[in-house]
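Below is one structure, written out as structure tokens; the observations come after it.
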Amino acid sequence: MVSFLHSLGLHGMNAFMVKVEADLSNGLPSFEVVGLPDAAVKESRDRVRAALKNCGFTYPVSKITVNLAPADKRKEGPIYDLPVLAALLYASGQLEGDAEHCAMVGELSLSGEVRPVKGILPMALAAKQAGITDFFVPAENAPEGAVVEGLRVYPVTDIRSLVMHLTGQRLISPCVSDPFSGRNTAFPLPDFSEVRGQEAAKRALEIAASGSHNVLLIGPPGSGKSMLAKRVPSILPDMTLEEAITTTQIYSVAGTLPGESTLMWERPFRAPHHTISPAGLSGGGTVVRPGEISLAHNGVLFLDELPEFHRDTMEVLRQPLEDGTVTISRVSGSVTYPSSIMLVAAMNPCPCGYFGHPTRACVCSPSAVDRYLGKISGPLLDRLDLHVEVPPVEFDVLSSGDKAESSARIRERVNAARERQNQRFRGTGITCNARITPDLLHEVCRLSPGAQTLLKTAFERLGLSARAFDRVLKISRTIADLDNCDTIEPRHAAEAVQYRALDRKYWNAP
């Protein structure tokens with residue numbers, strides 16, 4: 001007898017439908033799984049056999065063939081345990097009914113309990129698109145899948161409860177989940193009010209957060225670079241529903257979604273150590289998983305001590321910063337993950353850290369300074385929108401009892417500026433000024449005559465590249481949005497230009 005039901009598979013962030021077919025026929029007892037399964041899928045034979053026996057069901061003693069269609073797509077992981085078991089129960093007559101509009105995923109324990117799996121949200125979205133109405137998932141994953149409207153998501157704790165539901169003896173209640181439930185949840189974050197001084201750096205980070213621009217902080221040890229960077233999440237704008245869904249999908253596929261989460265409403269902040277490999281940063285592995293760049297999607301990727309990262313690791317950033325995606329190619333195919341990030345990098349100006357310090361002498365030789373700064377390539381430096389010097393803080397500022405401006409106040413201005421951008425780019429797919437496409441750049445960044453003259457002078461005197469000039473335009477647009485202006489004025493352009501001058505002080509110094 002042949003039976004079938006639906007399941008799903010994952011390829012990167014994209015889910016696809018899988019038809020699980022089970023056939024019982026005469027012959028020597030055996031259990032074969034076909035359809036390009038990996039080792040974890042093949043091991044489902046033993047888990048399904050033990051779960052059936054330990055839960056009081058009859059294991060069919062016959063030649064069992066399970067096919068996972070389509071057979072040309074690789075099936076990975078233990079997610080097919082539950083649908084394979086259910087298909088065997090249908091094929092052996094222990095279950096009856098129509099499973100045409102049902103889909104199942106889940107890992108089984110030997111005692112029949114259903115364990116959580118990765119990637120439920122992208123699977124739920126694909127199931128709804130394919131016309132599935134009932135989606136059976138592990139109970140721990142149910143809140144994640146239930147955010148998809150128009151899909152009934154049933155939390156399954158063990159196979160006995162699943163069978164009782166399918167036979168109508170005791171129905172499982174569909175999981176009800178509010179996707180906005182965690183939106184207004186306040187999580188304690190480090191606050192900018194704790195940072196004394198560094199008003200110029202705070203202003204630069206406010207601009208960067210408003211337009212999602214990349215920032216390079218450069219200054220001596222102890223000047224507050226890391227302290228400032230770790231407080232950037234407290235001023236980032238609120239996430240839209242679309243951004244929250246995409247971010248949650250990435251963390252779901254990576255298996256790092258917090259337990260019983262619906263959607264991630266807090267923007268990610270990732271700070272990998274400088275010993276990270278290129279694959280760890282961009283993603284990869286035998287089973288391709290997202291790296292730190294993609295895990296920071298719609299949030300911040302903080303690279304402290306940037307020159308200490310391996311050159312190959314730093315150069316991995318170039319294409320994602322430009323395109324907003326990471327493509328990982330393997331013999332079996334290519335996987336693309338989104339990587340729309342705000343990069344915040346921090347570094348010292350030399351190995352000892354005191355090159356250019358106003359009071360402490362640098363002990364590095366000129367060649368050592370050049371080698372240290374030379375670790376940052378020109379193309380990567382060109383992709384860092386704002387170059388911000390973080391000088392040492394004076395004693396009077398540190399000892400002052402004055403309270404600095406809070407992150408909440410700064411975030412109000414950032415949200416107002418981002419709302420102007422959302423209105424401007426509605427329907428275009430652009431989310432912020434940093435993502436303005438070349439065809440819209442000059443239409444969106446309208447310059448006053450004075451700003452036009454100023455930028456022309458800056459372009460000629462500073463020798464800006466075409467990319468750097470475009471980024472200056474985008475920064476000017478963000479500063480104008482913070483100033484609630486439709487046209488870029490000279491003061492906006494002048495402030496934007498000053499954030500492109502530090503590479504002349506350190507990298508191209510005479």
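The values are calculated or read from the model by the stated rules, or taken from the named source; none is laboratory data. Because the structure is predicted, anything quoted here is derived from the model rather than measured. Using ideal geometry, Cβ is built from the backbone for each residue, glycine included, and neighbour counts are taken over all protein chains shown. Surface accessibility is based on the protein's heavy atoms, side chains included, excluding ligands, DNA and RNA. Shrake-Rupley method; radii C 1.70, N 1.55, O 1.52, S 1.80 Å.
Any idea what the relative contact order of the chain is, in percent, if you count C-alpha pairs under 8 Å spaced at least 6 apart?
Values: 1001 pairs, mean separation 65.1, N = 510.
Once divided by the residue count of the chain, the mean separation gives 13 percent.
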message = Return the equivalent ellipsoid semi-axes of the stretch 184-246 as a descending list in whole Å, where each equals the square root of 5 times an eigenvalue of the C-alpha gyration tensor.
response = 24, 14, 10
inquiry  = Whole percent per 20 Å bin, from 0 to the bin with the longest distance: what is P(r) over all C-alpha pairs of the chain?
reply    = 21, 44, 25, 10, 0
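By Kyte-Doolittle mean hydropathy of at least 1.0 and Cα axial length of at least 24 Å, which whole DSSP H helices of the chain are selected? Walk me through the intermediate numbers first.
Numbers: long enough: 407-424 (25 Å, -1.93); 466-482 (25 Å, 0.18).
Helix filter hits for the chain: none.
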task = Taking only protein heavy atoms into account and a 1.4 Å probe, give the accessible area per residue of the chain in Å².
result = 44 Å²
Accessible surface of the chain, 1.4 Å probe, proportion on carbon and sulfur as whole % = 52 percent
note = Once the in-chain neighbours fewer than 8 apart are removed, the lysines whose Cα is under 23 Å from Lys225 read Lys202, Lys375, Lys403, Lys505
ask   = Of Ser252, Ala361, Ala416, which is farthest along the charge dipole of the chain in the positive direction, counting Lys and Arg as +1 and Asp and Glu as -1 at C-beta?
value = Ala361
query = Sorted by packing (mean other beta-carbon atoms within 10 Å per residue), highest first, where do 428-437, 288-297, 214-223, 34-43 land?
reply = 288-297, 214-223, 428-437, 34-43
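At 37 °C and a viscosity of 0.692 mPa s, what translational diffusion coefficient does Stokes-Einstein give for the stretch 134-254, taking Rh as the Kirkwood radius over Cα pairs? Give it in µm²/s as a whole number.
Numbers: Rh = 18.2 Å.
Reported coefficient: 180 µm²/s.
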query = Using 0.36 nm per residue, how much length does the chain from Glu419 to Ser181 gain when fully extended, once their Cα-Cα distance is taken away?
reply = 83.5 nm
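Quick one: net charge of Gly112's neighbours, Cβ under 13 Å, K/R +1, D/E -1? If you can, show how the numbers build up before the last one.
On the way: positive: Arg47, Arg49, Lys53, Arg115, Arg160; negative: Asp81, Glu107, Glu113, Asp158.
Once positives and negatives cancel, what remains is +1.
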Electrostatic dipole magnitude of the stretch 113-271 [Cβ: Lys, Arg +1; Asp, Glu -1; Cα centre; debye, to 20] = 360 debye
request  = From the P(r) of the stretch 227-349, can you give the percent of Cα pairs sitting at distances over 20 Å?
outcome  = 43 percent
inquiry  = When the expected Rg is taken as 2.2 N^0.38 Å, what fraction or multiple of it is the alpha-carbon Rg of the stretch 314-471?
reply    = 1.36
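Given a Förster distance of 51 angstrom, what is the FRET efficiency for Ser400 paired with Arg74, based on the Cβ-Cβ distance and rounded to 0.05? Can you show the working numbers first?
Details: r = 62 Å, r/R0 = 1.21.
Between Ser400 and Arg74 the formula returns 0.25.
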request  = Count the net charge of all other residues whose Cβ sits under 14 Å from the Cβ of Gln319, scoring Lys and Arg as +1 and Asp and Glu as -1.
outcome  = -2
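Beyond 17 Å, how much of the Cα-Cα pair distribution for the stretch 30-107 remains, as a whole percent? Don't skip to the end; give the middle numbers.
Working: 1289 of 3003 pairs.
Of all Cα-Cα distances in the stretch 30-107, 43 percent exceed 17 Å.
So what's the net charge close to His6: Lys and Arg +1, Asp and Glu -1, counting the other residues with Cβ under 13 Å from its Cβ?
Numbers: positive: Lys19, Lys128; negative: Glu21, Asp98, Glu100, Asp134.
That sum, taken over residues with Cβ under 13 Å, equals -2.
Average projected area of the Cα convex hull of the stretch 406-500, in nm²? Walk me through the intermediate numbers first.
Working: hull surface 25.0 nm².
Mean projected area for the stretch 406-500: 6.3 nm², to one decimal.
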